[in-house]
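> Here it is: the structure, laid out below.
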Amino acid sequence: MSYMLPHLHNGWQVDQAILSEEDRVVVIRFGHDWDPTCMKMDEVLYSIAEKVKNFAVIYLVDITEVPDFNKMYELYDPCTVMFFFRYVILKLLLKLNNGLGI
């Protein structure tokens, strides 16, 4: 499904996607298009893209093609989804069933 969502092919495009969006959350999936984890995430993101289009825009970045952000954002996992709003990374606190936050 990665071919169905817009790709950002260089660091400038990533920066512009983050900086140019004033009203919506920018969702960026960093990873490898061929990775099974990323493929599954891309399916999920594609399935919600139409539903969230009024308040979020979704992009994909292959970290081999665009390695510019690997160290800055510590992109060491096979698939990382990041959220930005008005140029700022959104930090999310997830509550597990046992009450512990991650």
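> Hey, can you tell me all the residues within the stretch 14-56 that are without any contact (Cβ under 8 Å) to a residue 40 or more places away in the chain, under 14 Å from the mean Cα position of the chain (by Cα) and more than 22 Å from K91 (Cα to Cα)?
D33, M39, K40
> Only one residue in D42, D15, D68 is buried (at least 18 other Cβ atoms within 10 Å of the Cβ) and in a helix (DSSP H, G or I). Which one?
After applying the criteria, what remains is D42.
> For a quick check of your reading of the model, give me the residue pairs whose first member lies in the stretch 73-102 and is within 17 Å of V61 (Cβ to Cβ), whose second is acidic (D, E) and modelled with pLDDT of 90 or more, with beta-carbon atoms closer than 7 Å and at least 6 apart or on different chains.
P78/D35; C79/D35
> Which residue is surrounded by the fewest Cβ atoms within 10 Å (Cβ to Cβ), if the candidates are limited to the stretch 1-11 and must be more than 16 Å from N70 (Cβ to Cβ) and at pLDDT 95 or above?
Once the filter is applied, the top-ranked residue is P6.
The values are calculated or read from the model by the stated rules, or taken from the named source; none is laboratory data. Nothing here was measured: the structure is a model prediction, and the numbers come from that model. So basically every Cβ, Gly included, is an ideal-geometry build from the backbone, and we count neighbours across all protein chains shown.
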